[in-house]
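Here the structure comes first, spelled out in structure tokens, and everything after it is commentary.
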Amino acid sequence: MGNGIAKKAVSGGYLQVGQDFSENFGDDIRIGGTGKTGEELTLQARMGIDYYAAAYLKPKYEFNDQWMLYGLIGVATIRASYSEAGFATLKKTRTGYAHGLGLQYRLVEAYSVGLEYSHMLSKPKSNATAIQTNFKRLETSSLSLSAKYHF
């Protein structure tokens, strides 16, 4: 996650539902969130995603019955929070573009594993004073390892 000044790594998770409506296209809807960066009761700024929802079109290419490469193109809404010691917690909800790229390996008919990079929203431009008084949003990039069940 990046707030325009600093970038921090944090863990999170999401629920994904999607369908393949042709051999080369599908769609995904994801709902998730993250933990907070920084340590509680310290002077470090804390930021996180309270929740997000993303909708993607998913162009894909299947190399064979097991391997598939896919792209993600869509839109995401993120509810982000930011807090520093001595300042009130600021929260903002923003909607913007989202994109990504992934690789999936089908273990058997109903199960697969995958690796994916995705990015949501544009990079915020800010400074420390502006963040403390008028927090605008977070930029997020994620690297996901997934296990999926297909029905």
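Quick one: is Phe25 free of Cβ contacts under 8 Å to residues at least 12 places away in the same chain and either crowded, with 17+ Cβ neighbours inside 10 Å or not polar (S, T, N, Q) (or both)? Against the criterion (free of Cβ contacts under 8 Å to residues at least 12 places away in the same chain and either crowded, with 17+ Cβ neighbours inside 10 Å or not polar (S, T, N, Q) (or both)), Phe25 does not qualify.
Checked against (1) touching a Phe, Trp or Tyr at 6+ places or on another chain (Cβ under 9 Å); (2) modelled with pLDDT of 95 or more; (3) surrounded by 17 or more Cβ atoms within 10 Å (Cβ to Cβ), Tyr61 passes all but condition (3). Can you find a residue in segment 31-52 that is out of contact with any Gly (no Cβ under 6 Å at 6 or more places or on another chain), surrounded by 15 or more Cβ atoms within 10 Å (Cβ to Cβ), at pLDDT below 85 and polar (S, T, N, Q)? Yes - at least one qualifying residue is present in segment 31-52.
Applying the condition of being at pLDDT 85 or above and out of contact with any Ser or Thr (no Cβ under 6 Å at 6 or more places or on another chain) to segment 110-139 and asking which residue is surrounded by the fewest Cβ atoms within 10 Å (Cβ to Cβ) yields Ala110.
The values are calculated or read from the model by the stated rules, or taken from the named source; none is laboratory data. Being a predicted model, the structure only gives us computed values, none of them experimental. Ideal geometry is used to build each Cβ from the backbone, glycine not excepted, and the neighbour counts take in all protein chains shown.
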